[in-house]
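Laboratory data are not the source of any read-out in this text; all were calculated from the coordinates shown. Only a predicted model underlies this, so the values are computations on that prediction, with no experimental measurement involved. So basically every Cβ, Gly included, is an ideal-geometry build from the backbone, and we count neighbours across all protein chains shown.
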Amino acid sequence: MRTFFTISLGCPKNLVDTELLLGLLVEAGYTPCEEAEEADLLLVNTCGFIQSAVEEGIEEILTLVEVKERFPAKKLVVVGCMVQRYGADLARELPEVDLFIGTEGSQDLVSRLQALASGEKIPVRLSPPTFLLDSTLPRKLSSPAHRAYMKVTEGCSNRCAYCLIPSLRGGLRSRHLADLVHEVGMLAENGVRELTLVAQDLTAYGHDLGPGAPHLVELLRALLANSDIPWFRLLYLYPTRVNAKLLEFIAANPRIVPYLDIPLQHVSDSVLKAMNRPYGRQQIEALLTQIRTILPQAAIRTTFMVGFPGETEEDVQQLAEFMQAQQLAQVGIFAYSNEEGCAAYNLPEQCSEEEKNARRQRLMELQNGISLALNQAMVGRVEKVLVEGVSRETDLLLEGRTRFQAPEIDGCVYINEGVANPGDLVDVQITEAHPYDLVGGIIGAVKT
């Protein structure tokens, strides 16, 4: 029996790629195992978006190199964005790795492993990414059985000055509607209760498929009609493509949770222009007003980047004032990482790491207070909660999420009263609030 051990790094989109690799290996007769020491094959799916992700990937690879040094017969395979970014340089620096595959070619993993087993030395070959996942491939879910991700597009055709994704993943490629409908049917049959749609830019779905092609609203309509999954969640909505048609559709269809993940990146007009983001503060504020008019209960999540080249203290103050005024439910603050290959790499007026970290800390402290106040306003309310299972903090509590909390990204609800199983949707009365998490007890009967 051949066994394998996997590490998946990066975002949910990368996790879907890892699940494809798991499915291909299982179909080829491999069995997954929990410990690297027990595996014949060691596999790392990397992220290469920013330097911190690269460093994490190198650290995980070196940990597996140590395992291989003790068990030389093991094969070590590294795939994904970091390979696509650094290619042959990685091979020179990490000769212990037996096989490198970039973002194009992972679907051929098994045949490459067979070639490796026959003694063939496989060079690093990086091709422009063209692969597009489809529902006929043997993906094996690694998330809890009651939730899953579905990647509806690959690549990105936006050209943000700080981003490497188009060079690592290629241009926008949308899956066909019929294929996604087939996949949602399979996921529903397997008991998925929450399906999170992911893409580099979810609102760009179908824009590459030609005139008359379905876009995001048409996709959502088809997914709802062809499944009974209770919760659909949308991640990565590009600000200029969130429009009244989409918002009204969400408002009319409660199975789409009122949670809008819209990465704004900044609010200063000058910084946004330098980032090559095609909007300014006025458009952002108009969008938020429109959202709150059509979908007043929506939780709005965003990300802001501080320390972009040329950013001033005045720009950061604009961000702080905006955050205080808008009271957004969830905000992530990230320090700009100056990555070679990005359009912004050679921009003048680069900020120091000390400046970036100070600005990030200042805004995170501001958001902590905002998040706490918003959560405190929920005390006494009864909210639907999707139960994840026994809490990661203590087995004396259950843990779940409201419609307003995305898996692996936001906080959770600690359930201190009642009994439920993973995947149950229960009514929870909120009794306590913290900046990111809520506490409450189950009331009424469990809905399964």
Legend entry - Most positive-pole-ward Cα, 270, 284, 148, against dipole of the range 147-376 from beta carbon charges: 148
Inset, instruction - Beta carbons within 10 angstrom, averaged per residue: use that to sort the peptides 301-307, 420-426, 62-68, 149-155, highest first. - result: 149-155, 301-307, 420-426, 62-68
Legend entry - Free-standing Cys residues across the chain, given no other cysteine C-beta under 4.7 angstrom: 11, 33, 47, 81, 156, 342, 351, 412
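Given the Cα-Cα distance of residue 3 and residue 225 and 0.36 nm per residue of separation, how much length would full extension add, in nm?
Numbers: separation 222, 0.36 × 222 = 79.92 nm, distance 3.96 nm.
Going from the current span to full extension adds 76.0 nm.
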Legend entry - Long-range HN-HN contacts of residue 431 with modeled amide H, under 5 Å: 380, 439, 440, 441
Legend entry - Near-label residues of the range 402-425 by backbone N, under 16 Å of a point 7 Å along Cα→Cβ of residue 377: 404-405
Legend entry - Euclidean distance of C-alpha centroids, the range 1-80 and the range 364-391, integer Å: 35 Å
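Compute the signed sum of charges (Lys and Arg +1, Asp and Glu -1) over the other residues within less than 13 Å, Cβ to Cβ, of residue 366.
Working: positive: 359, 360, 362; negative: 321, 365.
That works out to +1.
Dipole of the range 147-376, Cα-centred, from +1 at each Lys and Arg C-beta and -1 at each Asp and Glu C-beta, to the nearest 20 debye? Each step should come with its number before you reach the end.
Numbers: 21 positive and 25 negative charges, 133 e Å.
My answer is approximately 640 debye.
Only bridges whose two residues both fall in the chain count here: according to DSSP, what percent of them are antiparallel, nearest 5? Present the calculation step by step, with values, prior to reporting the outcome.
Working: 22 of 64 bridges.
If we restrict to bridges inside the chain, about 35 percent are antiparallel.
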Inset, instruction - Return the sequence-ordered ³J(HN,Hα) values of the range 295-311 in whole Hz as given by the Karplus equation 6.51 cos²θ - 1.76 cosθ + 1.60 applied to θ = phi - 60°, using x for Gly and Pro. - result: 9, x, 7, 5, 8, 9, 10, 8, 10, 10, 10, 10, x, 5, x, x, 5
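Where both partners of a DSSP beta bridge lie in the range 382-447, what percent of those bridges are antiparallel, to the nearest 5?
Rounded to the nearest five, the antiparallel share is 85 percent.
Between residue 255 and residue 62, what length comes free when the chain is fully extended (0.36 nm per residue of separation minus the Cα-Cα distance, one decimal in nm)? All intermediate terms of the calculation are to be shown ahead of the outcome.
Numbers: separation 193, 0.36 × 193 = 69.48 nm, distance 4.38 nm.
Gain on extension, residue 255 to residue 62, equals 65.1 nm.
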Inset, instruction - Could you point to the residue in 111, 42, 3 farthest towards the positive end of the range 2-117's charge dipole, with +1 and -1 charges on the Cβ of Lys/Arg and Asp/Glu respectively? - result: 111
Inset, instruction - Would you kindly derive the ³J(HN,Hα) couplings of the range 29-45 from the backbone phi angles with the Karplus curve 6.51 cos²θ - 1.76 cosθ + 1.60 (θ = phi - 60°), listing them in order in whole Hz, with x for Gly and Pro? - result: x, 7, 10, x, 9, 8, 10, 4, 5, 8, 9, 7, 10, 10, 10, 10, 9
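Give, rounded to the nearest 20 debye, the magnitude of the charge dipole that the chain has about its Cα centre when Lys and Arg contribute +1 at Cβ and Asp and Glu contribute -1 at Cβ. Kindly include the intermediate steps, with their values, before the conclusion.
Details: 40 positive and 59 negative charges, 275 e Å.
The dipole of the chain has a size of about 1320 debye.
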Inset, instruction - Only helical DSSP H runs with n ≥ 4 go in: add -39500 (n - 2.57) per run for the chain, normalise by residue count and round the 222 nm mean residue ellipticity to 500 deg cm²/dmol. - result: -10500 deg cm²/dmol
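What order, most packed first, do the peptides 324-336, 243-255 have when packing is the mean number of other Cβ atoms within 10 Å of each residue?
Working: 324-336: 17.8, 243-255: 15.0.
Result, highest mean Cβ count within 10 Å first: 324-336, 243-255.
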